[in-house]
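Enquirer: So that we are looking at the same thing, I have put the structure below in structure tokens.
The values are calculated or read from the model by the stated rules, or taken from the named source; none is laboratory data. Just so we're clear, the structure is a prediction, and the values are computed from it rather than from any experiment. As a convention, Cβ positions derive from the backbone with ideal geometry for all residues, glycine included, and neighbour counts pool all protein chains shown. Note: accessible area is taken over every heavy atom of the protein model, side chains too, but ligands, DNA and RNA are not part of it. Shrake-Rupley method; radii C 1.70, N 1.55, O 1.52, S 1.80 Å.
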Amino acid sequence: MNGWRFLIVLLLLGNLALLGFGVFTNNHAQKVMDSPGLRAEWVGVERPWSQPVDVTPDTTPLVPKIDLKQGQVQLDTAIENASKQVFDNPNGNQLCMLWGPLLQSESPRVQEALLNWGGVTDRLERQVPVGYVVYLPQNIVNSGVGIDQLSGKGIADMFYITTPGPLQGTISLGLFRDQERANAQKAELARRGVEGVQIRERLGPVRVFFELRGNAAQIETVRSLFELNRKGELKPCASQTSS
């Protein structure tokens, strides 16, 4: 009996020892987890800063630098070459012809003939000179020089101009078809002592002109059309003859 009691007591003591060791182990583990310095190590927190980084190279193309001075030189060279091509190419140079004067009734037929000639056509209307008038200006007439004074100098071909316009109030001293004869009349009047005489174009009714611009081949076409419709005259433009 005593042996059994001793064995039971020994087993109880062993269980108590195991129980005490388990409590001690749990308390120690709890303290370790509550420690600020070891908490991250215990729970295994991820550390992105400690991971290797995959660096992708920058493949963005570099923007080339712009050289303004070189760009200006290239632009000047391009303009010079373009200008040289224009002047060296005779087909690129336009010629200008003037067809007229035409009566209003004649212009539709000529305009129709020019519809498909290929160049540039401008229709103009202007008064054309039909002669020249030699006259004494209004300021001299107003100063007292009149028909009686001029008759005393042996002048017979004269009259007052009363038609509204730039010559109203002047004295006509002769009408001439060409400027050479008008100049001769002015010189004769000066020889007779009549000073201040002037010459002016006499403008007729409005006439129609066609200003035609094109290359050499197109101008030849215009000449052919003129031979089929000989109205007025076909001659180089005034700006072209003066150059």
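Enquirer: Looking at the structure I just gave you, is GLY174 touching a helix residue (DSSP H, G or I) at 6+ places or on another chain (Cβ under 8 Å), in a strand (DSSP E or B), at positive phi and not β-branched (Val, Ile, Thr)? Walk me through it before giving the result.
Expert: Values: touching a helix residue (DSSP H, G or I) at 6+ places or on another chain (Cβ under 8 Å): yes; in a strand (DSSP E or B): yes; at positive phi: yes; not β-branched (Val, Ile, Thr): yes.
For GLY174, the condition - touching a helix residue (DSSP H, G or I) at 6+ places or on another chain (Cβ under 8 Å), in a strand (DSSP E or B), at positive phi and not β-branched (Val, Ile, Thr) - is met.
Enquirer: On the basis of being open to solvent by 20 Å² or more (accessible area, probe 1.4 Å) and either at pLDDT below 90 or in a helix (DSSP H, G or I) (or both), does PRO108 make the cut?
Expert: Details: open to solvent by 20 Å² or more (accessible area, probe 1.4 Å): yes; either at pLDDT below 90 or in a helix (DSSP H, G or I) (or both): yes.
Answer is yes for this residue.
Enquirer: Let me ask something additional. Take the residues in region 152-175 that are open to solvent by 40 Å² or more (accessible area, probe 1.4 Å) and touching a residue at least 40 places away in the same chain (Cβ under 8 Å), then tell me which one is farthest from GLN127 (Cα to Cα).
Expert: LYS153
Enquirer: Right, another one. Within region 195-213, work out how many residues are at pLDDT below 90 and aliphatic (A, V, I, L, M).
Expert: Qualifying residue count for the region: 1.
Enquirer: To continue, here is another question. Mind checking which residues of region 176-198 are open to solvent by less than 80 Å² (accessible area, probe 1.4 Å) and farther than 19 Å from ALA156 by Cβ? Reasoning before the result, please.
Expert: Initial filter on region 176-198 (open to solvent by less than 80 Å² (accessible area, probe 1.4 Å)): 176, 178, 182-185, 187-190, 193-194, 196-197.
Of everything in region 176-198, those that are open to solvent by less than 80 Å² (accessible area, probe 1.4 Å) and farther than 19 Å from ALA156 by Cβ turn out to be ASP178, ASN183, GLY196.
Enquirer: If you don't mind, another one. Does LYS235 satisfy being part of a loop (DSSP other than H, G, I, E, B), within 28 Å of ALA113 (Cα to Cα) and either open to solvent by 60 Å² or more (accessible area, probe 1.4 Å) or free of Cβ contacts under 8 Å to residues at least 12 places away in the same chain (or both)?
Expert: Values: part of a loop (DSSP other than H, G, I, E, B): no; within 28 Å of ALA113 (Cα to Cα): yes; either open to solvent by 60 Å² or more (accessible area, probe 1.4 Å) or free of Cβ contacts under 8 Å to residues at least 12 places away in the same chain (or both): yes.
Spelling it out, it is not the case that LYS235 is part of a loop (DSSP other than H, G, I, E, B), within 28 Å of ALA113 (Cα to Cα) and either open to solvent by 60 Å² or more (accessible area, probe 1.4 Å) or free of Cβ contacts under 8 Å to residues at least 12 places away in the same chain (or both).
Enquirer: List every residue pair whose Cβ atoms lie under 9 Å apart, where the two residues are 6 or more positions apart in sequence or sit on different chains, the first residue falls within region 116-142 and is at positive phi, and the second residue, located anywhere, is among the basic types (Lys, Arg) and open to solvent by 40 Å² or more (accessible area, probe 1.4 Å).
Expert: Partner pairs satisfying both residue conditions: GLY131/ARG177; GLY131/ARG202.
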